[in-house]
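A.B. asks: One structure, pasted below without further comment.
The values are calculated or read from the model by the stated rules, or taken from the named source; none is laboratory data. Quick caveat, the model's predicted, so the values are computed rather than measured. Reconstructed Cβ throughout: ideal geometry from the backbone, glycine too, with neighbour counts over all protein chains shown. We work out accessible area using only protein heavy atoms, side chains counted, and drop any ligands, DNA or RNA first. Shrake-Rupley method; radii C 1.70, N 1.55, O 1.52, S 1.80 Å.
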Amino acid sequence: MLEELLRAIREEGAVMRGALAAEIRAEEKSGPEDLVTNYDTLVQRHLEEKLHALLPQAGFLGEEGLRAPTGDGSVFIIDPIDGTMNFSRGYQRSSISVALARDGQAVLGAVYDPYLNELFWAERGRGAFCNGRPICVSDRPLERGIVMFGTAPYYREIAAKTFALGRALFDRSLDVRRSGSAAIDLCSVAAGRVEVFYEFRLSPWDYAAAGLILEEAGGVIRTIEGGPVSLTVKSSVLAANGTAWEAARQITQEVCRIDP
Ligand code: IPD
Ligand code: CA
Ligand code: CA
């Protein structure tokens, strides 16, 4: 099952990688910053077909309007292209994200960056891997860390908090980054390349797979308010290695004035 799922994701990565600029057609969803391309729908459709053949009893939750109710409590959570804005412009920083959840908990997650040919995956309780090699978070403290964040671009009303926290974390770390793919950002924390990631509003398909990969790599992922992230509704996300976690959490609470 895992091998077949990884093969399906690699195949769809090749579809993304092979897309010629002239073939990519983008349409706006909620606004000009929220796009869907013909490749988002194509990759989602291919994944749905292939994963249905692997596990016919599972339901589907996919970003591009895929809502098939779950039969036996298992559901595939799919972001066919995480980083569509990047993809639509040939800025090669996007990924495919697939998680399998059972009874509300992610049990398997895979994120593929087709441009770097990096396939991250994890099964609950079995560790996290990138291209077959085990990965783990770094032990750098925040002061020696790099912070990644997403701008929640579809919800402009929360931008002030996003950038206030970015400034506060920048002041306590080495530097900040923004890639345009939340799944790659979370995998970057998992692989020990950066130390902290946050975004004030994401959807389950953005973090379901990468969140499991991060936890299996020894990291922490919670909502900014402090609870578990949801696999059914939108959540804020704060993620870090174990060493930087407490400082990142405290700064986040101060900036957001969250009572402990
Ligand atoms: C987006 C990316 C981006 C994040 C947005 C997401 P999409 O996903 O993950 O990094 O900042 O909040 O919606 O729309 O390209 O699949
Ligand atoms: Ca996404
Ligand atoms: Ca997407």
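A.B. asks: Please give the length that would be gained between E49 and R257 if that part of the chain were fully extended, namely 0.36 nm times their separation in residues minus their C-alpha to C-alpha distance (nm, one decimal).
C.D. replies: That pair, E49 and R257, stretches by 70.3 nm at full extension.
A.B. asks: Taking the solvent-accessible surface of protein heavy atoms with a 1.4 Å probe, what is the per residue accessible area of region 2-134 in Å²?
C.D. replies: I get 46 Å² per residue for region 2-134.
A.B. asks: Suppose every Lys and Arg Cβ carries +1 and every Asp and Glu Cβ carries -1, with no other charges. What dipole size does the chain come out with about its Cα centre, to the nearest 20 debye?
C.D. replies: Charge dipole, the chain, about its Cα centre: 400 debye, nearest 20.
A.B. asks: Sticking with this structure for a sec: Spin-label point model (7 Å from Cα, Cβ direction): what's the Q250 to A164 distance in nm?
C.D. replies: Label-label distance for Q250 and A164, simple model: 2.0 nm.
A.B. asks: As a test, work out the antiparallel percent of DSSP beta bridges whose residues both lie in region 147-260, rounded to the nearest 5.
C.D. replies: Of those bridges, close to 60 percent are antiparallel.
A.B. asks: Now, a different point. Give the shape of region 142-256 as rounded, prolate or oblate, defined through the alpha-carbon gyration tensor: a ≥ b ≥ c are the square roots of its eigenvalues, a/c under 1.5 means rounded, and otherwise the shape is prolate if a/b is larger than b/c and oblate if not.
C.D. replies: In terms of gyration-tensor shape, rounded.
A.B. asks: Relative to the first principal axis of the alpha-carbon coordinates of the chain, what is the inclination of helix 2-17, with its axis defined by its Cα atoms, in degrees from 0 to 90 and to the nearest 10?
C.D. replies: Between helix and principal axis, roughly 90 degrees.
A.B. asks: Residue farthest toward the positive end of the dipole of the chain, with Cβ of Lys/Arg at +1 and Asp/Glu at -1: which of G150, G211, G132?
C.D. replies: Final value for the positive-end residue is G150.
A.B. asks: Also: Amide H of S236: which non-local residues (sequence gap of 5 or more, or other chain) have their own amide H closer than 5 Å, using H built in the peptide plane?
C.D. replies: Amide H to amide H, under 5 Å and 5 or more residues apart or across chains, S236 pairs with L202, I224.
A.B. asks: For a Förster distance of 41 Å, can you work out the FRET efficiency between the beta-carbons of K234 and E23, rounded to the nearest 0.05? Numbers along the way, then the final one.
C.D. replies: Working: r = 31 Å, r/R0 = 0.76.
That pair, K234 with E23, gives E of 0.85.
A.B. asks: Could you tell me the relative contact order of the chain? Use alpha-carbon pairs under 8 Å, at least six residues apart, and round to a whole percent.
C.D. replies: 17 percent
A.B. asks: When the dipole is taken about the Cα centre of region 142-256, and only Lys, Arg (+1) and Asp, Glu (-1) are charged at their Cβ, what size is it in debye, to the nearest 20?
C.D. replies: Details: 12 positive and 13 negative charges, 52 e Å.
So the magnitude is around 240 debye.
A.B. asks: What chymotrypsin sites (Phe, Trp or Tyr not before Pro) in region 132-163 are in a loop by DSSP, with at most 16 other Cβ atoms within 10 Å of the Cβ? Kindly include the intermediate steps, with their values, before the conclusion.
C.D. replies: Working: sites: F149, Y154, Y155, F163; in loops: Y154, Y155.
When the chymotrypsin sites (Phe, Trp or Tyr not before Pro) of region 132-163 are filtered for loop state and at most 16 Cβ neighbours within 10 Å, Y154, Y155 remain.
A.B. asks: Which of V176, L100, L238 sits closest to the plus end of the dipole of the chain, meaning its Cα is farthest towards the positive end, when Lys and Arg get +1 and Asp and Glu get -1 on the C-beta?
C.D. replies: V176
A.B. asks: Once you have a ≥ b ≥ c as the square roots of the Cα gyration tensor eigenvalues for region 2-134, tell me rounded if a/c is under 1.5, and otherwise prolate or oblate according to whether a/b is larger than b/c.
C.D. replies: oblate
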